[in-house]
1. Looking at segment 41-104, what % of the alpha carbon pairs are farther apart than 14 Å?
2. I need the shape label for segment 1-54. Rule: rounded when a/c is under 1.5, else prolate if a/b > b/c, else oblate, with a, b, c from the alpha carbon gyration tensor.
3. For the chain, what's the relative contact order in percent, using C-alpha pairs closer than 8 Å and at least 6 residues apart?
4. Reachable lysines from residue 83, Cα under 21 Å, same-chain residues fewer than 8 places away excluded?
5. Name the aspartates and glutamates eligible as straight-distance cross-link partners of residue 110: C-alpha to C-alpha under 20 Å, and not fewer than 8 places from it in the same chain.
6. Between (1) 52; (2) 42; (3) 59, which matches percent of Cα pairs over 19 Å apart calculated for the structure shown?
7. By a straight-distance test (C-alpha under 30 Å), which lysines pair with residue 123 as possible cross-link partners, with residues fewer than eight away in the same chain excluded?
Amino acid sequence: MTFSVLFLASRKAGTTPEAFKAHYESTHIPLLKQLAGASFPLTHTRHYIHRAEGQAHVLLGTQGDFDYDVVVELTFADQEAFKAFHATTHSGDNGAKIAADEDQFLDRSKSRAVILGSTEVTKA
């Protein structure tokens, strides 16, 4: 059974949604892959919140409920694989490099993460 983590991240003040996505995709992900090496997750899926003129297209709730800009799902082979990834990317020089990169485009004070439970899918 796989092990998944959900991560919510918000852009740094003054960063446009387009610049946030560009940095995440062209700088942060390559850095993360390089530093994580073999411990990089099986999948690293990013869902960016659709915004027009800075506003999320809210269907239910309020703008304040959507102060994050991307929903990320990281899937690992198991919990041990997640622990290896976390240890590799959140300590020492690697942790410092990732933190320095995140400080360029993320508001780290708003980041949230949670371990996901079972996943159920209904298809047509």
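1. Of the Cα pairs, 70 percent sit more than 14 Å apart.
2. Taking the square roots of the gyration eigenvalues as a ≥ b ≥ c, segment 1-54 is oblate.
3. Dividing the mean separation by the residue count of the chain yields 48 percent.
4. Partners within reach: 33, 97.
5. Leaving aside aspartates and glutamates fewer than 8 places away in the same chain, those within reach of residue 110 are 18, 25, 65, 67, 69, 73, 101, 102.
6. The listed entry that was calculated here is (1).
7. 21
Where a number appears in this text, it was derived from the coordinates with a stated rule and is not lab data. Since this is a predicted model, take the numbers as computed values, not measurements.
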